[in-house]
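Shown next, in structure tokens, is the structure this report addresses.
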Amino acid sequence: MVAPHPVSGWPVSVIVPARNEEACLRACLESLVGQDGVDFETIVVDDSSTDRTREIALSFPSVKMIDPGPLPEGWTGKNNALAAGARQAAGKWLLFTDADTIHRPGSLARGLEEAKRHGAALLSYSPDQEVRGFWEKAVMPVIFAELASTYQPSEVSDPASPAAAANGQYLLISREAYDAVGGHAAVANTLLEDVALARAVKASGRKIYFRYGGDAVRARMYRSFAQLREGWTKNLALLFPSPVRLALLRLTEFVLIVGSAAVAVAWFQGGRRQVAGALGLLAILLFSFFVRRIRNAHFSWDANLLALFGLPLFSYLLMRSRLSYKRGRVSWKGRTYTGSGPGLEPRGMSGTTVEESVFRPAFSNKRVGRL
């Protein structure tokens with residue numbers, strides 16, 4: 001446990017970790033400082049940015065901007081930033097939210113009321129994900145459909161279920177619960193801190209409430225294919241219990257849908273219309289099952305259709321993530337984390353351990369996207 005933190009009476013402290021976030025930070029802060037219905041403070045933690053992040057944060061008079069200090073050995077950059085923000089926060093509740101989020105008017109007050117109404121020590125929303133361009137529209141629905149299946153909100157929110165999850169883009173936690181489980185210091189070495197913190201809260205006997213929160217917050221996670229590839233390489237092997245099996249399953253699904261449709265067309269053109277019709281029906285059935293699953297991810301209709309082509313890309317990213325962790329080298333936000341060891345081990349719904357290493361950060365000066 002960390003030492004109890006005195007509070008000044010602020011109902012909420014909003015903490016935004018930011019490392020080279022000039023592309024999105026202004027819009028995020030504009031959506032936060034305009035919140036009403038609850039008193040709050042906003043803290044931006046500038047994690048050694050080399051772009052205009054600091055300048056943008058300082059342009060908001062009501063926003064408190066702090067530095068997290070040197071990165072301690074055994075810590076990830078984001079955990080260090082979040083812990084630094086929490087140390088400076090004076091609220092009875094802490095909202096950890098990413099710089100790429102946009103908060104809908106009144107959502108902060110509604111989120112706090114919702115947490116209290118459900119008796120939750122931790123409330124987390126999965127934001128409405130904004131996607132642009134082919135790659136984002138193709139792969140993001142596939143990934144979020146898998147997340148919705150693996151971390152079902154009804155089970156995560158059920159105190160009788162061991163399932164635990166949270167989305168770090170919007171994680172509201174009481175100060176009491178945060179201190180009781182050790183805060184981010186207790187998950188300092190994990191690159192999947194949101195799930196690890198949720199597991200700690202639920203293991204402590206406290207309640208989690210988790211749902212799709214498109215009515216409260218939206219986000220655009222990545223703004224280029226390079227960012228998308230790096231970000232999901234960091235996360236995917238930790239999110240799913242059996243990444244290799246899942247990669248093969250989704251690749252097989254793609255081959256069956258596209259292959260049966262292609263063979264049906266070829267046989268139809270060759271005059272074998274009865275067989276072609278049967279294969280065409282199989283392709284339609286497989287595709288309908290696929291779309292039904294993808295629709296659970298709450299994306300637009302065009303992204304749902306393009307998601308078919310995201311299946312092989314998802315398989316590639318899963319395998320890339322698995323190999324990165326197996327080799328003990330993962331890069332994110334201009335830092336490279338290396339090492340091996342047991343570490344904190346986020347678990348899937350079935351309780352199967354997901355492999356994760358203890359990483360030691362090695363620094364470089366690359367300028368990349370979201371934290």
Residue in region 82-96 that is over 25 Å from Pro241 (Cβ atoms) and assigned to a loop (DSSP other than H, G, I, E, B) present: yes
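Could you tell me whether Leu228 is under 24 Å from Lys137 (Cβ atoms), touching a residue at least 60 places away in the same chain (Cβ under 8 Å), outside the structural domain of Gly119 (by TED's automatic domain parsing) and of a type outside the set (Asp, Glu)?
On the way: under 24 Å from Lys137 (Cβ atoms): yes; touching a residue at least 60 places away in the same chain (Cβ under 8 Å): yes; outside the structural domain of Gly119 (by TED's automatic domain parsing): yes; of a type outside the set (Asp, Glu): yes.
Against the criterion (under 24 Å from Lys137 (Cβ atoms), touching a residue at least 60 places away in the same chain (Cβ under 8 Å), outside the structural domain of Gly119 (by TED's automatic domain parsing) and of a type outside the set (Asp, Glu)), Leu228 qualifies.
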Filter pass, Pro72 being part of a loop (DSSP other than H, G, I, E, B) and at pLDDT 95 or above: no
Residue within region 308-328 that is at pLDDT below 95 and not in a helix (DSSP H, G or I) present: yes
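Here are Pro17, Pro68, Pro72: which of them is assigned by TED's automatic domain parsing to the domain that holds Ala219 and out of contact with any strand residue (DSSP E or B) (no Cβ under 7 Å at 6 or more places or on another chain)? Quick ask: steps written out before the conclusion?
Values: Pro17 fails: out of contact with any strand residue (DSSP E or B) (no Cβ under 7 Å at 6 or more places or on another chain); Pro68 fails: out of contact with any strand residue (DSSP E or B) (no Cβ under 7 Å at 6 or more places or on another chain).
Just a single option satisfies the conditions, and that option is Pro72.
Just name the residue that is surrounded by the fewest Cβ atoms within 10 Å (Cβ to Cβ) out of those in region 126-162 that are among the β-branched types (Val, Ile, Thr) and closer than 19 Å to Pro241 by Cβ. Even if it seems obvious, please write down each step before you answer.
Quick first cut of region 126-162, residues among the β-branched types (Val, Ile, Thr) only: 131, 139, 142-143, 150, 156.
Within this subset, residues satisfying the condition of being closer than 19 Å to Pro241 by Cβ are 142-143, 150, 156.
Numbers: Val142: 29, Ile143: 24, Thr150: 16, Val156: 21.
Checked region 126-162; the qualifying residue surrounded by the fewest Cβ atoms within 10 Å (Cβ to Cβ) is Thr150.
The rows are residues; the columns are (1) among the aromatic types (Phe, Trp, Tyr); (2) assigned to a helix (DSSP H, G or I); (3) closer than 18 Å to Ala166 by Cβ; (4) in contact with an Asp or Glu (Cβ under 7 Å, 6 or more places away or on another chain).
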{"residue": "Leu197", "(1), (2), (3), (4)": "no, yes, yes, no"}
{"residue": "Phe210", "(1), (2), (3), (4)": "yes, no, yes, no"}
{"residue": "Gln227", "(1), (2), (3), (4)": "no, yes, no, no"}
{"residue": "Asn235", "(1), (2), (3), (4)": "no, yes, yes, no"}
{"residue": "Arg250", "(1), (2), (3), (4)": "no, yes, no, no"}
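Listed residues Asp215, Asp158, Asp179; which is touching a His at 6+ places or on another chain (Cβ under 8 Å) and not assigned by TED's automatic domain parsing to the domain that holds Ser321?
Numbers: Asp215 fails: touching a His at 6+ places or on another chain (Cβ under 8 Å); Asp158 fails: touching a His at 6+ places or on another chain (Cβ under 8 Å).
Testing whether each residue is touching a His at 6+ places or on another chain (Cβ under 8 Å) and not assigned by TED's automatic domain parsing to the domain that holds Ser321 leaves just Asp179.
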Residues of region 275-314 satisfying the condition of being buried (at least 16 other Cβ atoms within 10 Å of the Cβ) and charged (D, E, K, R): Arg293
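Kindly indicate whether any position in region 204-224 is surrounded by fewer than 17 Cβ atoms within 10 Å (Cβ to Cβ), more than 19 Å from the chain's Cα centre (by Cα) and either modelled with pLDDT of 95 or more or not aliphatic (A, V, I, L, M) (or both).
Checking region 204-224: at least one residue is surrounded by fewer than 17 Cβ atoms within 10 Å (Cβ to Cβ), more than 19 Å from the chain's Cα centre (by Cα) and either modelled with pLDDT of 95 or more or not aliphatic (A, V, I, L, M) (or both).
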Per-region count, region 296-313, residues under 27 Å from Asp215 (Cα atoms) and of a type in the set (Phe, Trp, Tyr): 2
Inter-residue pairs, beta-carbon under 6 Å, first touching a residue at least 60 places away in the same chain (Cβ under 8 Å) and in region 82-104, second of a type in the set (Asp, Glu) and crowded, with 24+ Cβ neighbours inside 10 Å, 6+ apart: Ala99/Glu21
Check on Leu191, under 29 Å from Glu130 (Cβ atoms), at pLDDT below 95 and crowded, with 23+ Cβ neighbours inside 10 Å: yes
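Only one of Glu345, Glu356 is closer than 30 Å to Asp128 by Cα, in contact with a Gly (Cβ under 6 Å, 6 or more places away or on another chain) and either in a loop (DSSP other than H, G, I, E, B) or at pLDDT below 90 (or both); which?
Values: Glu345 fails: in contact with a Gly (Cβ under 6 Å, 6 or more places away or on another chain).
Result of the check over Glu345, Glu356: Glu356.
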For Phe299: the one exception among (1) at pLDDT 85 or above; (2) part of a helix (DSSP H, G or I): (2)
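The values are calculated or read from the model by the stated rules, or taken from the named source; none is laboratory data. Just so you know, these numbers come straight off a predicted model, no measurement behind them. So basically every Cβ, Gly included, is an ideal-geometry build from the backbone, and we count neighbours across all protein chains shown.
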